[in-house]
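Quick note: the coordinates plus some simple rules give every number you see, no bench work behind them. All figures in this text were calculated on a predicted structure; none of them were measured in a lab. A quick note on method: Cβ atoms are made from the backbone with ideal geometry, for glycine too, and the neighbour counts reach across all protein chains shown.
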Amino acid sequence: MTVPPNPRIGAPAPAFALANQHGEPVSLDGQRGHPVVLVFFPWAFSRVCDGELKDLRDGFATVAGSDVRLLAISIDSKFALRALADAEGLTFDLLSDAWPHGEVARHYGVFDDERGAARRGSFVIDAHGVLRARILSGTNDPRSLDEYRRALASLDA
């Protein structure tokens, strides 16, 4: 399978369907009509990832508004993601990119073959499924709510 290194800003975002922490299917196409922010993170129950997800839990609605859908994706199983959601009170969808291992992360150009997990990458997708912004950061560098605020401004442009 040939996968582009990164989807291009202004192009349709790569489609996917994954199970959430409850085993329910969630697809990008099913979000049409709403802007979406995809948040790829390496692992559940890691210090930086957990802190970043708690920041999203506590502040994303004030940054994004109620119409924007937040979907967080890792290579963890739905069982680990359910345990994380329950432990941290996360109410947004946590999606399992476990099998085929990291396939969605690969399509978004954020899979790290050496570590076997997603890199920190976030993607803002408009209500029509078009990629509008990308936020990338290092393994130990959490993304801030201000970065999301700036990226979401691309929806108004």
Taking region 37-53 and the residues there that are over 14 Å from the mean Cα position of the chain (by Cα) and not hydrophobic (A, V, I, L, M, F, W, C), the one that is surrounded by the most Cβ atoms within 10 Å (Cβ to Cβ) would be Ser46
Write out, first by first residue and then by second, each pair whose Cβ atoms fall under 6 Å of each other, whose residues are 6+ apart or on separate chains, and whose first residue, in region 93-105, is on the phi > 0 side of the Ramachandran plot and of a type outside the set (D, E, K, R) while the second is surrounded by fewer than 24 Cβ atoms within 10 Å (Cβ to Cβ) and outside any loop (DSSP other than H, G, I, E, B). Gly102/Phe111
Search result, residues across region 132-157 that are in a loop (DSSP other than H, G, I, E, B) and either surrounded by 16 or more Cβ atoms within 10 Å (Cβ to Cβ) or basic (Lys, Arg) (or both): Pro142, Arg143
Tell me which of these Asp93 doesn't satisfy, since it passes every other one: (1) buried (at least 16 other Cβ atoms within 10 Å of the Cβ); (2) under 23 Å from Gly138 (Cβ atoms). (2)
Take region 107-125 and flag every residue that is surrounded by fewer than 17 Cβ atoms within 10 Å (Cβ to Cβ) and either assigned to a loop (DSSP other than H, G, I, E, B) or in contact with a Ser or Thr (Cβ under 6 Å, 6 or more places away or on another chain) (or both). Asp113, Glu114, Arg115, Gly116
So, Phe79, is that one surrounded by 13 or more Cβ atoms within 10 Å (Cβ to Cβ), within 25 Å of Ser154 (Cβ to Cβ) and not charged (D, E, K, R) or not? no
Looking at region 57-66, which of its residues are under 16 Å from the mean Cα position of the chain (by Cα) and without any contact (Cβ under 8 Å) to a residue 60 or more places away in the chain? Arg57, Ala61
